[in-house]
Amino acid sequence: MNLTARNLHVILGSHPVLHGVDLTAMAGRLTAIIGPNGSGKTTLLRALTGELRPAVGSVTLNGQDMARLQPETLARRRAVLPQQSALSFPFTVAEILRIGLIAHACDDVEARALIRAALAKVDLPEHSGRFYQELSGGEQQRVQLARALIQVWQPVGDQGPRWLLLDEPVSSLDIAHQLTVMRLAKNYARAGGGVIAVMHDLNLTAMFADHVLLMQQGRASAEGPTETVLTDRLLSQAYGCDLRIRHAPGDGVWLLPQGAVV
Amino acid sequence: MVAVAPPEHRIAGDRDHLGRAACLGLLLLLVFFALLSLGQGPSGVSAPQVLADWLAGREVATVDQVVMLNIRLPRLLTGMLVGASLAVSGAVMQGLFRNPLADPGLLGVSSGASLGAIASIVLGGLLPPAIAGIFGWYLVPVAAFAGSWIAMVVLYGIATRHGRTSVATMLLAGIALAAMIAAVAGLIIYYANDAQLRDLTFWGLGSLAGSSWTKLSAAAPIILLSLAAMPMLARGLNGLALGEATAAHVGIRVQRTKAIAILATAGATGASVAVSGGIGFVGIVVPHLLRLVIGPDHRWLLINSALLGATVLIAADIISRLVVAPAELPIGIITAMFGGPFFMWVLLSNRRVLDA
């Protein structure tokens with residue numbers, strides 16, 4: 001079961017942003033979308049969520065054409081963490097999470113249990129009574145993640161695997177919570193769900209991703225297992241600066257800006 | 001009784017129990033003020049007395065019966081429907097525009113309704129009798145509904161682009177819209193004859209004094225339909241509070257929610273304006289007060305706005321009949337007197353948002 005994009009062309013206003021992107025994200029894997037600023041990562045994710053209609057091309061979710069799925073059906077199969085969230089009224093954290101359950105028929109007892117469990121997972125166990133607007137940026141981001149997580153709580157449902165689509169899930173987080181969130185995403189994939197994350201941090205990508213799509217100027221310049229995409233040549237070319245991959249003790253790779261040849 | 005879960009089973013931040021308790025409390029308050037309103041009037045007929053006689057099967061004096069059934073009861077029901085409409089319209093508009101300052105009265109939606117009503121009073125005579133006959137008493141409320149719907153669509157189109165509403169654009173567009181509508185209304189009034197001017201003056205006073213079963217039965221279906229649509233909006237408006245994209249992600253049909261919100265607001269506002277003229281500030285005060293107590297969850301906010309709106313308007317109507325008894329003030333003066341300063345306070349407490 002997978003989430004597939006075929007030949008996606010997206011035009012924003014009169015500006016073509018994606019020029020025929022293909023992606024095959026498998027359930028059970030954490031797929032990372034990386035690339036420099038303005039390369040079309042977020043636009044690609046927005047097309048994968050169904051938010052943007054591609055001018056050409058299609059997105060299929062577990063074999064079904066995304067454009068034909070009803071919003072409620074879609075909401076029970078995939079959840080989305082946007083990069084930025086605005087909130088217009090003073091909702092509490094518990095109430096925000098409750099919004100994640102809109103597409104579900106669950107009673108109060110179930111809802112309470114889910115809200116507690118989801119907040120514990122993002123390391124905000126005591127925050128359900130706080131006002132969202134009074135939280136720090138990092139805390140808000142984790143509340144939004146919990147809201148998305150609660151929407152697709154079981155990684156596999158009757159209709160196949162469920163999906164988490166995350167746009168820069170760790171952008172406002174301290175290092176400990178970056179690890180918490182990436183582990184959470186990884187475990188979701190290990191349990192059979194699908195995860196697609198737009199990633200800014202290449203080291204976290206190297207640590208956690210199973211599969212990587214490298215974007216460059218609205219095109220996918222490489223796609224494959226993490227170690228085949230995170231290479232000196234591909235990254236240096238995509239990011240426009242000289243980058244060196246180092247091999248960590250054990251397995252895995254890492255890189256630092258200091259690795260660049262000045 | 002409504003069951004309230006014991007505290008240990010609740011989680012912090014879940015305010016459902018407050019919403020439920022408010023429903024119950026406001027229902028009792030509404031009944032209290034309704035009875036008070038029925039007993040209030042220059043004729044001195046006592047509501048408890050009439051009610052007791054009725055229940056005991058005793059003869060009720062004809063005069064008392066007429067006062068109760070043909071004067072006070074339609075006035076009470078009109079007040080309840082109008083109050084509920086204005087408050088819920090305010091709450092829905094605020095949810096739709098994602099802004100606590102949106103209000104049909106402030107942003108030209110009520111003006112659109114007035115224009116529709118004025119046009120139908122002055123120009124209704126120009127309609128071929130066959131068409132006018134179809135509408136009959138419904139002509140004024142239907143025209144008011146059409147006017148407020150058009151105003152609402154224009155306002156939303158201007159203030160919201162790519163799913164984002166700019167506060168400044170919304171408020172300024174509302175002011176411009178209201179001014180343009182007032183100009184057209186003025187032009188129509190200029191061409192009105194003496195009889196029509198008399199009708200317009202009575203209608204425009206913003207009062208429940210002219211309430212009758214005929215007017216009520218023309219407006220009530222539109223108002224009740226609009227109010228009945230509101231519960232369908234609760235979850236959609238909750239989703240919209242997180243932005244249009246996220247609302248769609250959690251499973252809301254965003255376009256349908258917006259279309260229903262606009263239609264229902266226009267229907268409730270239009271029909272209310274048609275029967276009662278311009279009564280301001282209920283739509284901004286009531287939802288704001290409720291949000292402070294029960295939170296912004298529309299599943300509870302909408303129903304409680306309806307109850308509190310109805311109660312507030314009946315209370316204002318009682319005051320309007322007491323201050324200069326046995327005469328009465330137009331109720332719009334009372335609501336503006338209390339609502340104006342309140343609106344100032346909302347503005348000042350939202351300064352951070354507005355100045356951004």
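Quick look at the values:
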| item | result |
| --- | --- |
| Residue list for the range A:40-55, filter: of a type in the set (A, V, I, L, M, F, W, C) and within 12 Å of another protein chain (Cβ to nearest Cβ) | A:Leu45, A:Leu48, A:Leu52 |
| Yes/no for A:Val143 being facing chain B (nearest Cβ under 9 Å), in contact (Cβ under 8 Å) with a residue 12 or more places away in the chain and crowded, with 22+ Cβ neighbours inside 10 Å | no |
| Tally of residues being surrounded by 13 or more Cβ atoms within 10 Å (Cβ to Cβ) and at positive phi across the range B:54-84 | 0 |
| Test set (1) more than 14 Å from chain A (Cβ to nearest Cβ); (2) crowded, with 16+ Cβ neighbours inside 10 Å - B:Gly90 fails condition number | (1) |
| Total residues in the range A:145-188, condition of a type in the set (Gly, Ala, Ser), closer than 20 Å to B:His249 by Cα and under 12 Å from the mean Cα position of the chain (by Cα) | 2 |
| A:Leu45 vs. criteria exposed (fewer than 15 other Cβ atoms within 10 Å of the Cβ), under 25 Å from A:Gln84 (Cβ atoms) and out of contact with any Gly (no Cβ under 9 Å at 6 or more places or on another chain) | no |
| Condition check for A:Ala209: modelled with pLDDT of 90 or more, among the hydrophobic types (A, V, I, L, M, F, W, C), closer than 18 Å to A:Arg183 by Cα and buried (at least 20 other Cβ atoms within 10 Å of the Cβ) | yes |
| Within the range B:223-232, considering residues that are at pLDDT 90 or above and crowded, with 24+ Cβ neighbours inside 10 Å, the one nearest to the other protein chains (Cβ to nearest Cβ) | B:Ser226 |
| Candidate set: the range B:8-43, residues that are within 14 Å of chain A (Cβ to nearest Cβ) and among the hydrophobic types (A, V, I, L, M, F, W, C); chosen: the one farthest from A:Leu119 (Cα to Cα) | B:Leu18 |
| Among residues of the range A:26-40, those that are within 22 Å of A:Arg162 (Cβ to Cβ) and not polar (S, T, N, Q), counted | 7 |
| Qualifying residues in the range A:99-120 (those that are within 13 Å of A:Trp153 (Cα to Cα) and buried (at least 21 other Cβ atoms within 10 Å of the Cβ)) - the one nearest to the other protein chains (Cβ to nearest Cβ) | A:Ala103 |
| Residue among B:Ala336, B:Ala310 that alone is surrounded by fewer than 20 Cβ atoms within 10 Å (Cβ to Cβ) and at negative phi | B:Ala336 |
| Helices (runs of 4 or more DSSP H) wholly inside the range B:4-122 that include at least 3 residues being at pLDDT 95 or above and either farther than 18 Å from B:Ser272 by Cβ or among the small types (Gly, Ala, Ser) (or both) | B:16-38, B:73-97 |
| Single condition A:Asp123 does not satisfy, out of (1) under 21 Å from A:Ala176 (Cβ atoms); (2) within 11 Å of another protein chain (Cβ to nearest Cβ); (3) in a loop (DSSP other than H, G, I, E, B) | (2) |
| Subset of the range B:244-273 that is within 14 Å of chain A (Cβ to nearest Cβ) and more than 17 Å from A:Leu45 (Cα to Cα) - its residue that is surrounded by the fewest Cβ atoms within 10 Å (Cβ to Cβ) | B:Gln255 |
| Which listed residue, of A:Arg29, A:Arg68, A:Arg76, is within 20 Å of A:Val198 (Cβ to Cβ) and either touching a Gly at 6+ places or on another chain (Cβ under 8 Å) or not aliphatic (A, V, I, L, M) (or both) | A:Arg29 |
| In the range A:79-98, the residues that are more than 8 Å from every other protein chain (Cβ to nearest Cβ) and in contact with a strand residue (DSSP E or B) (Cβ under 8 Å, 6 or more places away or on another chain) | A:Leu81, A:Gln83 |
| Subset of the range B:230-274 (residues that are among the β-branched types (Val, Ile, Thr) and either touching a Ser or Thr at 6+ places or on another chain (Cβ under 8 Å) or within 13 Å of B:Ser85 (Cα to Cα) (or both)) | B:Thr246, B:Thr265, B:Thr269, B:Val273 |
| Yes/no for A:Ala148 being surrounded by 21 or more Cβ atoms within 10 Å (Cβ to Cβ), small (Gly, Ala, Ser) and in contact (Cβ under 8 Å) with a residue 40 or more places away in the chain | yes |
| Count of the range B:285-329 residues which are in contact with a helix residue (DSSP H, G or I) (Cβ under 7 Å, 6 or more places away or on another chain), away from chain A (no Cβ under 14 Å) and of a type in the set (Val, Ile, Thr) | 8 |
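The values are calculated or read from the model by the stated rules, or taken from the named source; none is laboratory data. Everything quoted here is computed from the prediction, not taken from an experiment. Virtual Cβ from ideal backbone geometry, glycine too; neighbours counted across all protein chains shown.
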